[in-house]
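Undergrad: If you scroll down you'll find the structure; I have some questions about it.
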């Protein structure tokens, strides 16, 4: 079947409003539709590309625009937290005759279940780097080549309706090796294979809305100079713990890869030119995993920037302590805030979740080093692991209160451990036959509140109620001090499970 490709509509749908209170969700526009759209503009210039962020525009506006513009293909960034809206977009898109393609982590992990349960979803792209498989799929749709069987990381139906293609093998076996022929010439700068993001693919209204939200959600006293625009970027990917991830991590791929320093700065310059961005969120899984890269970035910093970029990054305490120059390097780079996964205030649980070299003392040293360098810290904690006991829970509570009282953190997030597809806790529940999936809707995100409760009550040394009490106590103290982080909780609304089956 040949499909005339007049336009491709790429959307990151809004998070279910009953799920999320994630900070900065409306302050930083989703990068995925822009990155994919930029790739297509360069590789398939005859196809019109439309990119949208549902968290900013809203679900109703997305549905109305798809109905009005009638694109040939609708590509949907599919996560557990927005799956309800993904299905609604898919069903509406199919009604106007569009080809529907899902991608991103939830879709990749459950691609066969999704295609089996949802006839209005045609294909699933299952790669961390979806640009190339999606391009191949579009070429197949318009010309017949390459064949579906030749497209890497694709799950699809044959003519009889049987589902074939990629099957998620679990996080430890996930790989993006198919990229090698395309990145070989860029060894050490593999991400240069991906072009500088065209942020003008989003309408001006999205960028203005993000800027307004950032100003409302941020203590502007921490930000140097005038903020004229905000944007995300991703010129480093992965984590130093790729071979031994934290137990609770279910990120699809943590293989370390970076761009060249020149491409990193070109991305920042283009963001400033396109949308006046002065604050940029580098969404690398762990930016502090790349100290040598950061040194190269500092050495390559353009002399004629004409503005002072300010960055938010993710980091890890152990890396900051191991590389004592990191705080000053981050400061010199323009970083003003670090999102730090501290996870616990007890050595027992911390080492269980992260590794033998992590400790409460390391966490404290990292906080003090960042504070001394004048960097702000957003700290997150995970409670209720296998190693958690009543004693470790009290240790963690007291430690969190102490770092707040000592003004070593500016924002906190505290939540029960979430066993999920692809992490160790999820695997443990599956081994025990306790991973709760609706057998009638196996593609639906599991009810994470229920999974946390089942895991903690059955595999931990504490009860779910005890964990929730500590979460409430520490969050209340954070609110009193103005250090209020946010958490996300997934729901599993029964009335939506069968949305659009027919």
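Undergrad: If I filter segment 152-164 down to residues being touching a strand residue (DSSP E or B) at 6+ places or on another chain (Cβ under 9 Å) and at pLDDT 95 or above, which single residue comes out as surrounded by the most Cβ atoms within 10 Å (Cβ to Cβ)?
TA: Once the filter is applied, the top-ranked residue is 155.
Undergrad: Taking residue 482 and the conditions (1) closer than 19 Å to residue 381 by Cβ; (2) at pLDDT below 90; (3) surrounded by 16 or more Cβ atoms within 10 Å (Cβ to Cβ); (4) over 25 Å from the mean Cα position of the chain (by Cα), which numbered condition does it fall short on, given that it satisfies the others?
TA: (3)
Undergrad: Related question: Taking segment 93-105 only, how many residues are surrounded by fewer than 24 Cβ atoms within 10 Å (Cβ to Cβ), touching a helix residue (DSSP H, G or I) at 6+ places or on another chain (Cβ under 9 Å) and either outside the structural domain of residue 133 (by TED's automatic domain parsing) or in a helix (DSSP H, G or I) (or both)?
TA: Total satisfying the criteria: 2.
Undergrad: For segment 115-131: of the residues being within 24 Å of residue 34 (Cβ to Cβ) and either more than 16 Å from the chain's Cα centre (by Cα) or not in a loop (DSSP other than H, G, I, E, B) (or both), which is modelled with the lowest pLDDT?
TA: Checked segment 115-131; the qualifying residue modelled with the lowest pLDDT is 131.
Undergrad: Here's another thing I want to ask about it. Condition test on residue 283, is it touching a residue at least 40 places away in the same chain (Cβ under 8 Å) and either in the same structural domain as residue 78 (by TED's automatic domain parsing) or touching a helix residue (DSSP H, G or I) at 6+ places or on another chain (Cβ under 8 Å) (or both)? Reasoning before the result, please.
TA: Working: touching a residue at least 40 places away in the same chain (Cβ under 8 Å): yes; either in the same structural domain as residue 78 (by TED's automatic domain parsing) or touching a helix residue (DSSP H, G or I) at 6+ places or on another chain (Cβ under 8 Å) (or both): no.
Taking the combined requirement at face value, the residue does not satisfy it.
A quick yes/no check of all residues on (1) in the same structural domain as residue 104 (by TED's automatic domain parsing); (2) surrounded by fewer than 18 Cβ atoms within 10 Å (Cβ to Cβ); (3) closer than 19 Å to residue 127 by Cα:
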{"position": "213", "(1), (2), (3)": "no, no, no"}
{"position": "222", "(1), (2), (3)": "no, yes, no"}
{"position": "225", "(1), (2), (3)": "no, yes, no"}
{"position": "228", "(1), (2), (3)": "no, yes, no"}
{"position": "232", "(1), (2), (3)": "no, no, no"}
{"position": "237", "(1), (2), (3)": "no, no, yes"}
{"position": "240", "(1), (2), (3)": "no, no, no"}
{"position": "244", "(1), (2), (3)": "no, yes, no"}
{"position": "250", "(1), (2), (3)": "no, no, yes"}
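Undergrad: If I filter segment 241-255 for residues that are assigned to a helix (DSSP H, G or I), modelled with pLDDT under 90 and in contact with a strand residue (DSSP E or B) (Cβ under 9 Å, 6 or more places away or on another chain), do I get at least one hit? Steps first, answer last, please.
TA: Taking segment 241-255 first, the residues assigned to a helix (DSSP H, G or I) are none.
Scanning segment 241-255, I find no residue that is assigned to a helix (DSSP H, G or I), modelled with pLDDT under 90 and in contact with a strand residue (DSSP E or B) (Cβ under 9 Å, 6 or more places away or on another chain), so the answer is no.
Undergrad: If you take the residues in segment 439-453 that are buried (at least 19 other Cβ atoms within 10 Å of the Cβ) and assigned to a helix (DSSP H, G or I), which one is farthest from the chain's Cα centre (by Cα)?
TA: Among those residues, the one meeting the criterion is 453.
Undergrad: In segment 285-312, which residues are touching a strand residue (DSSP E or B) at 6+ places or on another chain (Cβ under 9 Å), closer than 14 Å to residue 268 by Cα and assigned to a loop (DSSP other than H, G, I, E, B)?
TA: 309
Undergrad: May I pose another question? Which of the residues that make up segment 418-438 are surrounded by fewer than 18 Cβ atoms within 10 Å (Cβ to Cβ) and on the phi > 0 side of the Ramachandran plot?
TA: 433
Undergrad: Output the number of residues of segment 66-87 satisfying the condition of being farther than 20 Å from residue 26 by Cα and either surrounded by fewer than 16 Cβ atoms within 10 Å (Cβ to Cβ) or at pLDDT below 95 (or both).
TA: 4
Undergrad: A further question on this structure: One residue is enough: does segment 10-23 have a residue meeting the conditions in the same structural domain as residue 107 (by TED's automatic domain parsing), at pLDDT 95 or above, crowded, with 21+ Cβ neighbours inside 10 Å and in a loop (DSSP other than H, G, I, E, B)?
TA: Looking for residues that are in the same structural domain as residue 107 (by TED's automatic domain parsing), at pLDDT 95 or above, crowded, with 21+ Cβ neighbours inside 10 Å and in a loop (DSSP other than H, G, I, E, B), one finds at least one in segment 10-23, hence yes.
Undergrad: So which of 393, 340, 370, 350 ends up being within 20 Å of residue 294 (Cβ to Cβ), in a helix (DSSP H, G or I) and touching a strand residue (DSSP E or B) at 6+ places or on another chain (Cβ under 8 Å)?
TA: 370
The values are calculated or read from the model by the stated rules, or taken from the named source; none is laboratory data. This structure is a prediction, so every number in the text was calculated from the model and none was measured. Note: ideal-geometry Cβ built from the backbone for every residue, glycine included; neighbour counts use all protein chains shown.
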